[in-house]
Each structure stands twice: as structure tokens, then as C-alpha cells.
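Here the structure is laid out as C-alpha cells; the discussion comes afterwards.
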Amino acid sequence: MDKTTTDTRLKILDTAEALIYQNGIHATGMDLLVKTSGVARKSIYRHFENKDQVAAAALNARDVRWLNWFRQECDKAGSPEARILGMFTVLKGWFKSEGYRGCAFINTAGEVGDSHDPIRRIAKHHKQKLLDYTLELTGQLNIAQPAVLAQQLLLLMEGAITVSRVMGDYDAADTARDVAQLLLKQATR
């Protein structure tokens, strides 16, 4: 791909991602994508066969970017325990960021009924990668059941994300962090 083709593809994906995050998949049609991106419909169809392919590619790009950002922020802490607790501090900062609308993967998975739909598979894969990172951290602790603790921490993170979005309670991250601290103490006894 030449630079112009790559730039056009990135413009389509960036615009689609922003629109999907703001409005949802069903409310993001090709007309809105054309109007907002400034890319001609014909050019969009040169890169993608249909709206579903655009949405899937945009969500895959968000998955990579968001997880890289999250890991990078969490990994600033010195110890595995500090990184685990830091996950909730990072989440709270995200909750308070401009334009925060919850988790794009929870939001889009909720729009799709079929569990085999590519969008649901992307959302599941994203959550699995978040669990894998959490397991990577809990695996560095000297505990008997790192996988159990990782699952518990994932539930705390997902609960905090949902409560922050649905109830507007950004302190849900602090509450989840407090529970995570209790779980860490229990697991390291």
C-alpha cells in the first residue's frame, strides 16, 4: 500500500472508531462515515466490503491501542502488587477523561445478539487479552491460585467500568481497588 492508500484507510478507521464509540454500531451508517470522514463512499468500498468490515477493523485497532495504553500506564508501577492496584487508578483516570463513554467492547457487544458475530468475537478477544495481562501480573505473585485472582480482578475492573458508565460513578474504580486490595491480602496469606 502506498502512503495515500494507507492514510485513507487510517482516516476511515479513525473516523469509524470515533463514531462507533460515540453513537454505537447501529447508528453509524455509511452515510455518516462518508460525511464525517470526508472520504468518498467509493474509496471506502475499495478498502472494505461493507460496514461490518469497517466496524470490525476499527474495533481491532482500538483493541490494540487501548490495551497498549493500559499496559503501559499500569507497568509504570514497580511491583506486581502495585501494578495490580494501579489498574484501578488507571481506570479512574480513563473514566474522568474527556469523551469517556464506557468500554467500546461492552457497548458494541451489547448491540449484537449473535454470539458468533465478528463484533462479539472481537469483544471477547479483547476481554481475554485483558484477563491474560491480569494473569501475567498475578502469576508474578507468590500465591496458590493466580488464575482465580486474575478472574476476580477482571470482574472488579469490568464492574467498575460498567458502574462508571451506567451510574456515572467514577469512584467505582476506588471501590474496586479497595476490594482488590482485600483480595490481594487474602491471596498472599
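The values are calculated or read from the model by the stated rules, or taken from the named source; none is laboratory data. Everything quoted here is computed from the prediction, not taken from an experiment. Note that we place each Cβ from the backbone using ideal geometry, even for glycine, and neighbour counts take in every protein chain shown. The area values use the complete protein model at the heavy-atom level, side chains included, leaving out ligands, DNA and RNA. Shrake-Rupley method; radii C 1.70, N 1.55, O 1.52, S 1.80 Å.
So here's what we get for this one:
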{"item": "Test: residue in the range 41-49 that is of a type outside the set (Phe, Trp, Tyr), in contact with a Phe, Trp or Tyr (Cβ under 7 Å, 6 or more places away or on another chain) and either surrounded by 18 or more Cβ atoms within 10 Å (Cβ to Cβ) or assigned to a helix (DSSP H, G or I) (or both)", "result": "no"}
{"item": "Tally of residues being touching a residue at least 24 places away in the same chain (Cβ under 8 Å) and open to solvent by 60 Å² or more (accessible area, probe 1.4 Å) across the range 30-40", "result": "1"}
{"item": "Extreme residue, least open to solvent (accessible area, probe 1.4 Å), among residues of the range 139-189 that are of a type in the set (Lys, Arg) and either in contact (Cβ under 8 Å) with a residue 24 or more places away in the chain or part of a helix (DSSP H, G or I) (or both)", "result": "ARG177"}
{"item": "Subset of the range 52-103 [surrounded by fewer than 17 Cβ atoms within 10 Å (Cβ to Cβ), without any contact (Cβ under 8 Å) to a residue 40 or more places away in the chain and of a type in the set (D, E, K, R)]", "result": "ARG65, ASP75, LYS76, GLU98"}
{"item": "Residue that is open to solvent by 40 Å² or more (accessible area, probe 1.4 Å), without any contact (Cβ under 8 Å) to a residue 24 or more places away in the chain and under 14 Å from the mean Cα position of the chain (by Cα), where the choices are ALA27, ALA18", "result": "ALA18"}
{"item": "Verdict on GLN128 being assigned to a helix (DSSP H, G or I), open to solvent by 70 Å² or more (accessible area, probe 1.4 Å), of a type outside the set (Lys, Arg) and within 24 Å of ARG83 (Cβ to Cβ)", "result": "yes"}
{"item": "Single condition GLN140 does not satisfy, out of (1) of a type outside the set (Val, Ile, Thr); (2) touching an Asp or Glu at 6+ places or on another chain (Cβ under 8 Å); (3) more than 30 Å from ILE20 (Cα to Cα)", "result": "(2)"}
{"item": "Candidates LEU131, LEU59, LEU85, LEU67, filtered to the one that is out of contact with any strand residue (DSSP E or B) (no Cβ under 8 Å at 6 or more places or on another chain), over 30 Å from ILE12 (Cα atoms) and not basic (Lys, Arg)", "result": "LEU85"}
